[in-house]
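Data block below; observations after.
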Amino acid sequence: MMAAVCSAAFAQKVTVSGYISDAGSGESLIGAGVVYNNPTPGAPLVGAVSNNYGFYTLSIPAGKRSLTWSFLGYKDVEQTLDLTRDTVINVRLEIGTQLSAAVVTARKEAGLHSTNTGALEVPQNALESMPALFGEKDVLKSLQYLPGVQGGSTGSSGVYVRGGGPDENLILLDDIPLYSVNHMFGIFSVFTPEAVKKVTLFKGSFPARYGGRLSSVIDVRTNDGNMKEFHGLVSVGMLSDRVHLEGPIVRDQTSFSVSGRVLHTFLFTPVLRAFKVPANYWFGDINGKITHRFSNDDRLIASVYHGRDRFLVHYDNSNDRPYDPDVVSKEDTDANMDWGNTVGALRWNHAFGSKLFANTTLAYNHYEMDVDVRYNNTYKYKSNESQERMEVSYDSGINDVDLKIDFDYDPVPEHLIKFGAEYVYHNFRPQTATLKEKETAGKETLIDTTMNMASGGTLIGHEASVYIEDDFVIGQRLSFNPGVHISMFHTQGMTYASLQPRFSGRVDVGGGVSIKASYARMSQYVHLLASTDISLPTDLWVPITKDIKPETSDQFSLGTYWDAGGGWEFSLEGYYKDMHNVLEYKDGMSVLITSSGWEGKVAMGQGRAYGMELFIQKKTGNTTGWLGYTLAKSERRFPDGSINRGDWFPFKYDRRHDISLVVNHKFNDRIDISGSWKFFTGGVTTLTTREFTTLDINQNTHENDYVTSRGNYRLPPSHTLNLGVNFHKKKRRGERIWNISLYNAYNSMNPDFVYKDYTAEYEEGTYKVKREGIEVTKITVLPILPSFSYTRKF
């Protein structure tokens, strides 16, 4: 009888749950671990990891138990508890010299010990210390140094993942998609460094809760704000000024976090004037968040982001004709281009007991681009005067309303089930263009018209999705994450549905070595119509239509991974991605600034991308960093023959080799240095191979370009070394930091852009061509460039 009672008591389970946060600031810690120290020899590891809001839950046998909470860079907290019922334990970790957090194999979403392939967490110290162009730290540029990720032209913040285009990345700011992620035509990203808490990249297996893009998910999480005391930061760089403020509104209950950035003009404007550029440019953005804790079970989070770019051009062609005082001519043109994002969200976190956690989000997402051009011409001869005025207005935009709910359910320690649903109302306004023209002669009005030049109308889309996934372990060596994402998109009376299975698995073979495999199907319902390889505000987002089907991809990944100890990690991963209904402009087509008739300018085809990625990383110690190498290939084919005669051709973002090296070293608390080097083979472009002349029916001559194939020219390789040093000094209140960076340290003249000239050599005295060809000239935008920034923390 006594044995039966003891056995029942031992079998009884209790659940420990709560939040893990920073002891100094109260900031929630994402991915912190809690482990049950099972005294039974050979027993499987039982643990959990805090979610994106710092909440954890762990079911263990009742009785006297020892638990350890840990997070990389923090001191462990160990407690022995006599547990007889479900218990809430909120844990605050102190910053310390702990080198490695406890490993919870099945709960990490990214990194070596996660079940997912191709999932990486970007080290926070790398974001803070990597050499920066113009002294501006940048999240997306840091991602470019990871294997499988490449940038666009040198110095830009564009991101192209595993052979995909820029519109195939789902870039999330606190779970809300962003349509425009660049400032200054792609030089900087919209993410203010001080607002960012964590960045996670998914490029192989995708958790089932994500959908809508083919190539990657970039999940950016921002700070909640200090619950304990007021802190701030002011930073001045070569181009912009930044400020960050955070603190408690009600101590330990309500906090705020505000970050802002603006381009200052005292350095930028004189440069434009020195080169006699009749233009000016400005950008700014702001992040804000308020977090309120009602209780251990309920929290409310309100957040907002607003970013804007403005480009102004003024031409004054006035001519007073001093030799003829009776004639006065005044002509001027003003152009104003304005674009940016506004995102607002309200989130409610609720814990239904100790095993079920829910997050409900209501969000509004707005992107808009406006162009206004005004032309004025006044001509006066003696007493006669005529005026001509013309105004062209162009705008496009997107409005989304998003409602979603996500659940984390932890029924037993071996299973973590995530499920949820989402509905998005899309309102696309691809373009509206109007022309106003007025012409007068004296008091007589000759022309006074308003014309609608183009109207893409309004395209409404209804997108809905549901998902479920289960991250579970079997024993000590096996973990799996099967899931499914089901989505639907309705537009123009047409409904498209997509079943997207996901699976990833991990086998621990011992000695710190593991093998992972995954499969993921993804669907994409929106497209970006871009005319150039650089990010422009005139690039247009359009949804699928009754004639344009959703893009889909099937990706397989397989890799081996080794935790060598001492902070060293090694991985080698291969992938193959098959894509369907990908879009390309037909030969000779371009959208430029109008989307009118865009469906007839593009073709749907297929694509494939495959490659291998090597990643060596050192995560702890005074010297940290990584080495990455990518061998990859990406191709497209359009069987209908509308592009490249239906043959396979290299995708414009196809690069065969990519090598990245990042090193950070801390000498002491006052000085640290960093360096980054990147080499990649050139991408492809399409160039004319020869020119020829034709006659029309009126015997007029026309020069024509002849192109042998799409993507017929591969650019030369590029390589860049960047260096940086930080000087820290503790002050009575806070810290002062000077950063000095050297971009492109050995002045590599990289081919950022190329242009071609037709050359011909004629026989003497005749027009007969003796020798002809195409001469290609490369342009380097960013040579060696020193920069500095000053930061004051308080």
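Of all aspartates and glutamates in the structure, the ones whose alpha carbon falls short of 12 Å from that of Lys793, not counting any fewer than 8 places away in one chain, are Glu194, Glu246, Glu735.
Between Glu385 and Lys756, the contour length at 0.36 nm per residue exceeds the alpha carbon distance by 129.0 nm. Computed about the Cα centre, the dipole magnitude for segment 117-188 is approximately 240 debye when only Lys and Arg (+1) and Asp and Glu (-1) carry charge, each at its Cβ. Here is how the number arises for the chain: DSSP H runs of 4 or more residues each give -39500 (n - 2.57), the sum is divided by the residue count, and the result at 222 nm is -1000 deg cm²/dmol.
Taking packing as the residue-averaged number of other Cβ atoms within 10 angstrom, the listed peptides 457-469, 119-131 run from highest to lowest as 119-131, 457-469. Placing +1 on the Cβ of every Lys and Arg and -1 on the Cβ of every Asp and Glu, with nothing else charged, gives the chain a dipole about its Cα centre of roughly 2400 debye.
Per-residue 3J(HN,Hα) values for segment 342-351, derived from phi via the Karplus relation 6.51 cos²θ - 1.76 cosθ + 1.60 with θ = phi - 60°, read 9, 10, x, 8, 10, 10, 10, 9, 9, 9 Hz in sequence order (x marks Gly and Pro).
For segment 197-252, a crude dipole built from +1 on the beta carbon of Lys and Arg and -1 on the beta carbon of Asp and Glu, taken about the Cα centre, is about 340 debye to the nearest 20. Counting only aspartates and glutamates at least 8 places from Lys756 when in the same chain, those with an alpha carbon closer than 14 Å to its own are Glu691, Asp705, Glu772, Glu775. What is segment 362-417 by shape, rounded, prolate or oblate, if you read a ≥ b ≥ c off the alpha carbon gyration tensor as root eigenvalues and call it rounded for a/c under 1.5, prolate for a/b larger than b/c, and oblate otherwise? It is prolate, given that a/c is not under 1.5 and a/b is the larger ratio. Taking Cα pairs under 8 Å and at least six residues apart, what relative contact order does the chain come out at, in percent? Over the chain, the number comes to 10 percent. When each of the peptides 707-716, 136-145 is scored by the mean number of other C-beta atoms lying within 10 Å of its residues, the order from highest to lowest reads 136-145, 707-716.
Global dimensions of the chain from alpha-carbon coordinates: Rg and Dmax equal 29.4, 120 Å.
Note on the chain: dipole from Cβ charges, positive end direction compared against Gly96, Pro411, Val220; the farthest Cα belongs to Gly96. The angle separating the long axis of helix 265-274 from the principal Cα axis of greatest extent in the chain is about 30 degrees.
The packing ranking, built from the mean of other Cβ atoms within 10 Å per residue, places the peptides 735-746, 202-213 in the order 202-213, 735-746, highest first. Averaged over its residues, the chain has an accessible area of 44 Å² per residue, based on protein heavy atoms and a 1.4 Å probe.
Candidates Gly31, Asn182, Gly284 compared by Cα position along the dipole of the chain: farthest toward the positive end lies Gly31, with charges placed on Cβ. Determine the share of the chain's accessible area contributed by carbon and sulfur atoms, expressed in whole percent, with a 1.4 angstrom probe. Solvent-exposed carbon and sulfur of the chain make up 59 percent of the total.
3J(HN,Hα) along segment 471-485: 9, 9, 10, 10, x, 9, 10, 10, 9, 9, 9, x, x, 8, 10 Hz, from the Karplus curve 6.51 cos²θ - 1.76 cosθ + 1.60 with θ = phi - 60°, whole Hz, x for Gly and Pro. Taking the Cβ-Cβ separation of Val412 and Ile740 as r and a Förster radius of 51 Å, what is the calculated FRET efficiency to the nearest 0.05? The value I calculate is 0.40. Projecting the Cα atoms of Tyr74, Ala110, Val507 onto the charge dipole of the chain (Cβ charges, centred on the Cα centre) puts Tyr74 farthest toward the positive pole.
Taking each of Lys436/Lys586; Lys228/Lys730; Lys577/Lys601; Lys197/Lys228 in turn, the alpha-carbon distance tops 23 angstrom for Lys436/Lys586; Lys577/Lys601. Past the 32 Å Cα-Cα mark, which pairs from Lys289/Lys729; Lys619/Lys731; Lys418/Lys516; Lys330/Lys778? Pairs exceeding the cut-off: Lys330/Lys778. Projected label points at Val277 and Met488, each 7 Å from Cα along the beta carbon direction, are separated by 5.0 nanometres. For the pair Thr68 and Tyr364, a Förster radius of 51 Å applied to the C-beta separation gives a FRET efficiency near 0.75, rounded to the nearest 0.05. Counted over the chain, the DSSP beta bridges are approximately 95% antiparallel.
The modelled label-to-label distance for the pair Lys730/Leu631, using points 7 Å beyond Cα in the direction of Cβ, is 5.0 nm.
The length gained by stretching the chain between Asp578 and Arg85 to full extension, at 0.36 nm per residue less their Cα-Cα distance, is 172.4 nm.
Taking 7 Å steps out from each Cα toward its Cβ at Phe230 and Asn747 produces label points 4.9 nm apart.
The values are calculated or read from the model by the stated rules, or taken from the named source; none is laboratory data. What you see is a predicted model; the values in this text were computed from it and never measured. When we count neighbours, we look across all protein chains shown, and the Cβ atoms used for this are built from the backbone with ideal geometry, even at glycine. Heads up: the accessible areas ignore ligands, DNA and RNA and are worked out on the full protein's heavy atoms, side chains in. Shrake-Rupley method; radii C 1.70, N 1.55, O 1.52, S 1.80 Å.
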